[in-house]
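Since every read-out is calculated from the coordinates, none of them should be taken as a lab result. Because the structure is predicted, anything quoted here is derived from the model rather than measured. Cβ placement follows ideal geometry from the backbone for every residue including glycine, while neighbour counts extend to all protein chains displayed.
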Amino acid sequence: MKVANIVSIKDVLKIYHMGQEKVPALQGVSLDIAEGAFCCLLGSSGSGKSTLLNMMAGLEKPTRGEIIIKGRHVEKMNEETLAIFRQKHVGFVFQAYNLLPTRTALENVEMPLIFKGKPRKLRRKMAAEMLTAVGLGERLHHRPSQMSGGQQQRVGIARAFVDSPEIIFADEPTGNLDTKTTDEVMRLITRIARDNHQTLILVTHEPEIAQYMDQVVTIRDGRVESVRCKETKGV
C-alpha cells in the first residue's frame, strides 16, 4: 500500500532582496516526503537547504510556490494560525540547542507543554519520562552550563519529542558535536522517531549523516540536484 505524503513542496521559489540586487535562495524546488519517512536535506553552506527547512516550518514565506503539510497550505497561514499548527504537529531540534540557560533540563523540556496548557503535574511527569528516555534521568535539575554539548542536545531532543509531534524538524542537530557524540545523537533521534512512527526532516552538510536516513535530497544552488531513497542503517 502506498504511503501518503505528509509534505508536498511544489515549485517553490525564494528570492531575497539586498539593496537593488535579487539573490535567489530557492529556484523552483519540488519535493514529496512520505509520512513516517526520515528525510535528509544535504548540501553545503549557502545551498538553500536551511531556507527550504524554514519554509516547511513556516518560519519564512516563499516568493512563489506551494508548501503543503498534512493537507494544509503552510504558505497561506498567518502567524497565529502557524503558531497553533506548529504546536499541534511539529517539534524542533536545533544545532545551538536553544536551551534557556537559567532553567533546568526538566524546565526546558516542559516548555512546549506549558504553551499547550498541560497541567503542571502532568507536564513534569512527561518531561521527566522523556529525559529518562534520552539517558538524562539523573540530570533533571541540571542547568545547561552544567552539561556537556551532547547532554544539552539530548535535552533539546527530549524537548522536541516530549509531546509526540507528527513531524520533527532538525536543523544541523550534530553540527556542534564530535564524531562519537554525533553517532549517539543520530541513533537516539532515529530510534525515538522510528518507535513513534514520526516523520523526521533533517538538514545537514555532513554526508555521513545520510546513512541514518531513508531519503537523501541533495540541494545545490537552490535546486534539488538528486533524490536518493535507501534503507536506513540499523540503529
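Quick notes on this structure:
- Looking across segment 4-19 at every residue that is within 12 Å of CYS39 (Cβ to Cβ) and among the hydrophobic types (A, V, I, L, M, F, W, C), the one that is surrounded by the fewest Cβ atoms within 10 Å (Cβ to Cβ) is identified as VAL7.
- Cβ-Cβ contacts under 7 Å between residues 6 or more apart (or on different chains), taken from a first residue in segment 77-99 that is under 18 Å from ILE67 (Cα atoms) and without any contact (Cβ under 8 Å) to a residue 24 or more places away in the chain to a second residue that is charged (D, E, K, R) and not in a loop (DSSP other than H, G, I, E, B), are absent.
- Single residue of segment 207-224 satisfying the filter (surrounded by fewer than 17 Cβ atoms within 10 Å (Cβ to Cβ) and in contact (Cβ under 8 Å) with a residue 60 or more places away in the chain) that is farthest from GLY46 (Cα to Cα): PRO207
Okay, residues lined up against (1) in contact with an Asp or Glu (Cβ under 6 Å, 6 or more places away or on another chain); (2) of a type in the set (Lys, Arg); (3) crowded, with 20+ Cβ neighbours inside 10 Å; (4) within 30 Å of LYS10 (Cβ to Cβ):
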site	(1), (2), (3), (4)
VAL74	no, no, yes, yes
GLU79	no, no, no, yes
PHE94	yes, no, no, yes
ALA105	no, no, yes, no
GLU110	no, no, yes, no
ALA127	yes, no, yes, no
LEU131	no, no, yes, no
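- Considering residues of segment 129-148 that are more than 18 Å from THR181 (Cβ to Cβ) and aliphatic (A, V, I, L, M) only, the residue nearest to the chain's Cα centre (by Cα): MET130
- Any hit, segment 146-158, residues being of a type in the set (A, V, I, L, M), part of a helix (DSSP H, G or I) and touching an Asp or Glu at 6+ places or on another chain (Cβ under 7 Å): no
- Residues that are in a helix (DSSP H, G or I) and among the charged types (D, E, K, R), drawn from segment 190-232: ARG191, ARG194, ASP195, GLU208
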